[in-house]
1. Could you pull out the chymotrypsin sites (Phe, Trp or Tyr not before Pro) across region 13-71 that fall in loop regions by DSSP (anything but H, G, I, E, B) with no more than 11 other Cβ atoms inside 10 Å?
2. To the nearest 10 Å², what's Thr138's accessible area with a 1.4 Å probe?
3. Roughly how many percent of the accessible protein surface of region 133-218 is carbon and sulfur, given a 1.4 Å probe and a whole-percent answer?
4. Using only the alpha-carbon atoms of region 36-144, report the extent along each of the three principal axes, biggest first, to the nearest angstrom.
5. To the nearest 500 deg cm²/dmol, what mean residue ellipticity at 222 nm is calculated for the chain from DSSP H runs of n ≥ 4 alone, each contributing -39,500 (n - 2.57), summed and divided by the residues?
6. With springs only between Cα atoms under 10 Å apart, run a GNM on the chain and tell me which of Ala33, Ala120, Ala204 wobbles the most.
7. Report P(r) for region 65-218: all Cα-Cα distances, bin width 10 Å, range 0 to the bin holding the largest distance, values in whole percent.
8. Can you pull out the chymotrypsin sites (Phe, Trp or Tyr not before Pro) in region 152-212 whose DSSP state is coil and whose Cβ has at most 10 other Cβ atoms within 10 Å?
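The values are calculated or read from the model by the stated rules, or taken from the named source; none is laboratory data. Not measured: the values here are computed from a predicted model. Reconstructed Cβ throughout: ideal geometry from the backbone, glycine too, with neighbour counts over all protein chains shown. Heavy atoms of the whole protein, side chains included, go into the accessibility calculation; ligands, DNA and RNA do not. Shrake-Rupley method; radii C 1.70, N 1.55, O 1.52, S 1.80 Å.
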Amino acid sequence: MPQGQLQSAPLNRAEGKRLSRQKLLTATINSIAKRGFADTTLARVAEGAGLSRGIVNFHFRTKDALFVETLKFLSREYRENWLRAFDAAGPTAAEKLEAVVMVDFEPPICNRNRIAAWFAFYGEAKSRPTYMTVCTETDYTNYRAVGELCRTIIEEGGYANLEPEIIVQGLSAMAEGLWLDLLISPKTNDLEKSRKTCSTYLGALFPKHFPIAGRKDA
């Protein structure tokens, strides 16, 4: 057998394991969104992923282990997309702030199943220290970076009586509220409306950096 074929087999097995694991994590997100934690079982996850129960047990010995890895996957996916938006934005603090605010309303981050799963995990976090740790690690890192961007914009624009920490808290609360609206009222709320809401909020805070169309001082 040619040497190239011998070397490719382990890579194929590794890729197969990775794909199976990804299918299981995605099926878990979808099941939590549809059924909640209590009715999401390993058997239902296997069925949703189109895999055998044995494959599920190979990757995750318990449902709790599967849930922890699913939350870590969601957190990692969110962080990677956040960083991608940050790096792709222009060099100014305003451009970067707008990019990381708007990324919350772009795929793959923003779809109803992922939003539902995030809210489910946050609901469980107060009684599950592992969930709380995963959630707060990502939140803290992002909050600190957004706070620094806001601080720079405040200094550049000479905005008086604005506190970066309060602005970050407001941006976070707004994003979570808009996600909730998208989840429970999809017929009256959409991604474009959510992005427009964010733009209006940024324009109200920092009018020199985010002019609002139609405003007299824009």
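1. Here no chymotrypsin sites (Phe, Trp or Tyr not before Pro) fit, given the DSSP loop and packing criteria.
2. The accessible area of Thr138 comes to roughly 20 Å².
3. 56
4. Cα spread of region 36-144 along its principal axes, largest to smallest: 51, 30, 22 Å.
5. -25500 deg cm²/dmol
6. Largest GNM mean-square fluctuation: Ala204.
7. Spelled out bin by bin, region 65-218 gives 10, 38, 35, 14, 2, 0 percent.
8. Here no chymotrypsin sites (Phe, Trp or Tyr not before Pro) fit, given the DSSP loop and packing criteria.
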